[in-house]
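Notes to accompany the following structure.
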Amino acid sequence: QVQLVESGGGLVQPGGSLRLSCAASGIIFSSHAMGWYRQAPGKQRELVATITNGGSTNYADSAKGRFTISRDNAKNTVYLQMNSLKPEDTAVYYCKTTRGWRNYWGQGTQVTVSS
């Protein structure tokens, strides 16, 4: 069974930082691209950042220059370092991977940016 478990969310002030983690099991982690997505209340889920199995990264325009996605294949974990957080970054953040034709999602972790 593929399982993705996110952690690291919380309440942070504008300008602050958080690091999200997503621990994966049930897949050969080093062979899989991973992604972070987010969904704010009343909005569609959107891409934040992706990282290939080779380490190439891609970011949404809203994340460029502030967020960094990385992976540790020894720990089967993907990270999202978020700096200079803004209130509009408030959302539930989800980790995603794909195996075959199917997408797998974690349960999400809430990030709230507020003073």
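The values are calculated or read from the model by the stated rules, or taken from the named source; none is laboratory data. Note that the structure is predicted; figures quoted are calculated from it, not measured. Here the Cβ is made from the backbone with ideal geometry for all residues, glycine too, and neighbour counts use every protein chain on show. We work out accessible area using only protein heavy atoms, side chains counted, and drop any ligands, DNA or RNA first. Shrake-Rupley method; radii C 1.70, N 1.55, O 1.52, S 1.80 Å.
A few comments on the model shown:
- In the chain, lysine pairs closer than 19 Å at Cα, eight or more apart or cross-chain: 4
- Percent antiparallel among DSSP beta bridges (both partners in the chain, rounded to 5): 95 percent
- Diagonalising the gyration tensor over the Cα atoms of segment 52-115 and scaling each eigenvalue by 5 before taking the square root yields semi-axes of 23, 15, 11 Å, largest first.
- For segment 8-68, fraction of C-alpha pairs farther apart than 19 Å, in %: 41 percent
- Length-normalised contact order for the chain - Cα pairs under 8 Å, 6+ apart - percent: 36 percent
- For segment 37-115, applying the loop criterion from DSSP together with a ceiling of 11 other beta carbons within 10 Å to the trypsin sites (Lys or Arg not before Pro) yields Lys43, Lys64.
- Computed P(r) (all Cα pairs; the chain; 10 Å bins; percent): 15, 50, 29, 6, 0
- The fraction of accessible area contributed by carbon and sulfur in the chain is 45 percent, rounded to a whole number (1.4 Å probe; ligands and nucleic acids excluded).
- Taking the Cα centre of the chain as origin and assigning +1 to Lys and Arg Cβ atoms and -1 to Asp and Glu Cβ atoms, the resulting dipole is close to 160 debye.
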